[in-house]
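What follows is a single structure, written as structure tokens, with notes after it.
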Amino acid sequence: MKNYLKIYFEALFPKEKVDKEKVYKILKSRNFFDRKNDIFSILPYSNKLISKSIKDFKFRNKISNADFFGEILFENTLDYIENLKIKENFNNPILITVPISFWRKIKRGYNQNDLIISKFMKLGGNNFIFWEKNNLIKIKHTKPQSLMSNKTERLKNQKNAFKLKNIEKIKGKNIILFDDIYTTGATINEIKKLLYKKGAKDIKIIVLAH
């Protein structure tokens, strides 16, 4: 209850907002596509302003940042998704957000990925992609990945942590998987493994920051 009150007051009286001008300057010099990891990322997580803005949003209830991140996502992914359709026959994709566990959502009060995508959809994202919401769930309450000291621990931490409620809805589908940040890829890879096992056709990754 206490955390929900924090979210409510943050919505009414937002704290200092992200410096949009500085973020857009960073965007201008940003190469979005990481070919090595096949990741389309928008912002550099190594940048202090970016990492602080995401951490404030994710861990300090600064939910007003979600709208700005949703705007950035909308402005910078449309061409990428259209190019996938033309160049790779990646047609009629569905969008899936990386979930958090039930207990983490209770503690935090929200899934940061869902808030970003909600804004993305309101801006017009729903005109060209369908959000397959709440089908992928996290069934294991894991330690935060940021507390894991190496990739091996992160992989073990996420193993068998996810489940699909309705397999038929992803069978034969092209999927865009969205997460806020990409570090070692342990979470993303575990989900990709599950989706392919259950019949997904092709999967592309979009992250806010990498």
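The values are calculated or read from the model by the stated rules, or taken from the named source; none is laboratory data. Given the structure is predicted, the values throughout are model-derived calculations rather than measurements. Using ideal geometry, Cβ is built from the backbone for each residue, glycine included, and neighbour counts are taken over all protein chains shown.
The table for this structure:
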read-out	value
Given (1) of a type in the set (S, T, N, Q); (2) modelled with pLDDT of 90 or more; (3) not in a helix (DSSP H, G or I), number of the condition Asn61 does not satisfy	(2)
Verdict on Lys138 being under 15 Å from the mean Cα position of the chain (by Cα) and surrounded by fewer than 19 Cβ atoms within 10 Å (Cβ to Cβ)	no
Condition broken by Lys107, with the remaining ones in (1) among the charged types (D, E, K, R); (2) modelled with pLDDT of 95 or more; (3) exposed (fewer than 14 other Cβ atoms within 10 Å of the Cβ) satisfied	(2)
Qualifying positions in region 34-49 - modelled with pLDDT under 75 and not in a loop (DSSP other than H, G, I, E, B)	Asp34
Of all residues making up region 181-201, the number that are more than 17 Å from Ala161 (Cα to Cα) and modelled with pLDDT of 95 or more	3
Residue check, Lys52 without any contact (Cβ under 8 Å) to a residue 12 or more places away in the chain and part of a helix (DSSP H, G or I)	yes
Residue match in region 150-166 (condition: touching a Pro at 6+ places or on another chain (Cβ under 9 Å), aliphatic (A, V, I, L, M) and modelled with pLDDT of 95 or more)	no
Residue within region 124-134 that is assigned to a helix (DSSP H, G or I) and among the charged types (D, E, K, R) present	no
Criterion (touching a residue at least 24 places away in the same chain (Cβ under 8 Å), in a helix (DSSP H, G or I), surrounded by 15 or more Cβ atoms within 10 Å (Cβ to Cβ) and in contact with a Lys or Arg (Cβ under 9 Å, 6 or more places away or on another chain)) met by exactly one of Leu84, Leu115	Leu84
